[in-house]
1. Do we find that Gly125 is buried (at least 22 other Cβ atoms within 10 Å of the Cβ) and either more than 11 Å from the ligand (Cβ to nearest atom) or not in a strand (DSSP E or B) (or both) in this structure?
2. Step by step: first the residues of the stretch 90-122, then only those that are more than 14 Å from the ligand (Cβ to nearest atom) and within 24 Å of Trp195 (Cα to Cα), then the one that is surrounded by the fewest Cβ atoms within 10 Å (Cβ to Cβ). Which residue is that?
3. In this structure, is Tyr87 surrounded by fewer than 17 Cβ atoms within 10 Å (Cβ to Cβ), in contact (Cβ under 8 Å) with a residue 60 or more places away in the chain and more than 12 Å from the ligand (Cβ to nearest atom)?
4. Condition first: within 16 Å of the ligand (Cβ to nearest atom) and surrounded by fewer than 19 Cβ atoms within 10 Å (Cβ to Cβ). Can you find one or more residues in the stretch 27-42 that meet it?
5. Could you identify the single residue in Glu185, Glu165, Glu135, Glu130 that is surrounded by fewer than 16 Cβ atoms within 10 Å (Cβ to Cβ), away from the ligand (no atom under 11 Å from the Cβ) and in contact (Cβ under 8 Å) with a residue 40 or more places away in the chain?
6. Looking at (1) closer than 23 Å to Asp192 by Cα; (2) of a type outside the set (A, V, I, L, M); (3) surrounded by 19 or more Cβ atoms within 10 Å (Cβ to Cβ), can you tell me which one Pro240 breaks?
Amino acid sequence: MKVTDHIKKAQGKTLFSFEIIPPVKGRNIKELYDNIDPLMEFSPPFIDVTTSREEYVYIDRNGLLDKKLTRMRPGTVGICASIKHKYDVDTIPHVLCGGFTKEETEYLLVDCHYLGIDNIMALRGDAMKEEKYFEPSKGGHIYAADLVRQINHLNSGQYLHEVIETDNCADFCIGVAGYPEKHMEAPSLKTDLKWLKKKIDEGAHYVVTQMFFDNTKYFEFVEAARAMGITVPIIPGIKPIAVKRHLQLLPQVFRIDLPQDLIEAVDASKSNKEVRQVGIEWAITQSKELRDAGVPVLHYYSMGKSDNIKTIARAVF
Ligand code: FAD
């Protein structure tokens, strides 16, 4: 079922969802299930599965380093199919522009259609570790809006190279990313919102936000988006702080600010166990306020560990 239909069906009740990352290749998928199992009692209508950018690995061949391109966390669509089958829940693969040609994307979307996957999260992807700026693949998309257009074309039976198939069209519900504190490359929030609007105009049906720790940022973002004519659901993304290092890492990677009270509480913690507790309490307060404001879904970034998300969900749902 589509995310937008889940939201309609809930009739104003805030839903619980979360995002997982595929295991590093060679690791057992059971670890992933062990982290999903405890969250199923909160009846998530959908679970997102991320896709990682490809990266270079260096293989030592008699003192000479051989540079090879690989994806360390493969299997997004396979994991989506497996979770859907195992838990009878909708799964949402994250589909990236970066690292894929349009043909490879079409191939992947056709797989998703045959697997009965109803939702796609359409993203540009970050720059590769070695790159300063995002470089599109040869024959790939430059912006997420272009990917949204390709998915939307498929929804009307229009495949690449002017092949038209109208008997059995896909009907994907398309999610896109939004940034309450603006995307790191955008010169201003207003410009970023203009490009978000383009993604919606190309056919996206809902937005999931980057993590934020101050709800005011989300409320102001939604207000600004509505003023630009963006009317689709805007789902807040919540990440509980889990280790002290997050104080540097999260602003560095995601270009977001952390509230002073949160920084001081984390700084005052004597162990990572205490930090985890601070993160849980902060996320509960954030979640309750967002729930009371009537957000459609609270979407948690689990990063593969679910004990803190479970404690938060217990307090909020
Ligand atoms: P876009 O919407 O294409 O925007 C990228 C930048 O270009 C923005 O600064 C925007 O303002 C600007 N822009 C857009 N269109 C134009 C235009 N026509 N001309 C000029 N500028 C333009 N990354 C992963 O690698 N894997 C994941 O699974 C993943 N999941 C995510 C889930 C969520 C909910 C979020 C919020 C992010 C996720 N990301 C993921 C990160 C995301 O890929 C990065 O933030 C990436 O840098 C931007 O992706 P986007 O889809 O927002 O890009």
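1. Numbers: buried (at least 22 other Cβ atoms within 10 Å of the Cβ): yes; either more than 11 Å from the ligand (Cβ to nearest atom) or not in a strand (DSSP E or B) (or both): yes.
Taking the combined requirement at face value, the residue satisfies it.
2. Taking the stretch 90-122 first, the residues more than 14 Å from the ligand (Cβ to nearest atom) are 90, 101-104, 106-107, 109-118.
Imposing the further condition that a residue be within 24 Å of Trp195 (Cα to Cα) reduces the set to 101-102, 106, 109.
Details: Thr101: 15, Lys102: 17, Glu106: 19, Leu109: 23.
Looking at the filtered set, the residue picked out is Thr101.
3. Numbers: surrounded by fewer than 17 Cβ atoms within 10 Å (Cβ to Cβ): yes; in contact (Cβ under 8 Å) with a residue 60 or more places away in the chain: no; more than 12 Å from the ligand (Cβ to nearest atom): yes.
Judged against the criteria, Tyr87 is not a match.
4. In the first step, residues of the stretch 27-42 are kept if they are within 16 Å of the ligand (Cβ to nearest atom); the result is 32.
Checking the rest, the ones that are also surrounded by fewer than 19 Cβ atoms within 10 Å (Cβ to Cβ) come to none.
No; the residues of the stretch 27-42 include none that is within 16 Å of the ligand (Cβ to nearest atom) and surrounded by fewer than 19 Cβ atoms within 10 Å (Cβ to Cβ).
5. Values: Glu185 fails: away from the ligand (no atom under 11 Å from the Cβ); Glu165 fails: in contact (Cβ under 8 Å) with a residue 40 or more places away in the chain; Glu135 fails: in contact (Cβ under 8 Å) with a residue 40 or more places away in the chain.
Within the list Glu185, Glu165, Glu135, Glu130, the selection yields Glu130.
6. In the conditions (1) closer than 23 Å to Asp192 by Cα; (2) of a type outside the set (A, V, I, L, M); (3) surrounded by 19 or more Cβ atoms within 10 Å (Cβ to Cβ), Pro240 misses (1) alone.
For every residue, the table says whether it meets (1) touching an Asp or Glu at 6+ places or on another chain (Cβ under 6 Å); (2) in contact (Cβ under 8 Å) with a residue 12 or more places away in the chain.
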{"residue": "Lys25", "(1), (2)": "no, yes"}
{"residue": "Glu31", "(1), (2)": "no, yes"}
{"residue": "Phe42", "(1), (2)": "no, yes"}
{"residue": "Phe46", "(1), (2)": "yes, yes"}
{"residue": "Leu65", "(1), (2)": "no, no"}
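Every number in this text was worked out from the coordinates using simple rules, so none of it is lab data. Given the structure is predicted, the values throughout are model-derived calculations rather than measurements. Backbone-built Cβ (ideal geometry, glycine too); neighbour counts: all protein chains shown.
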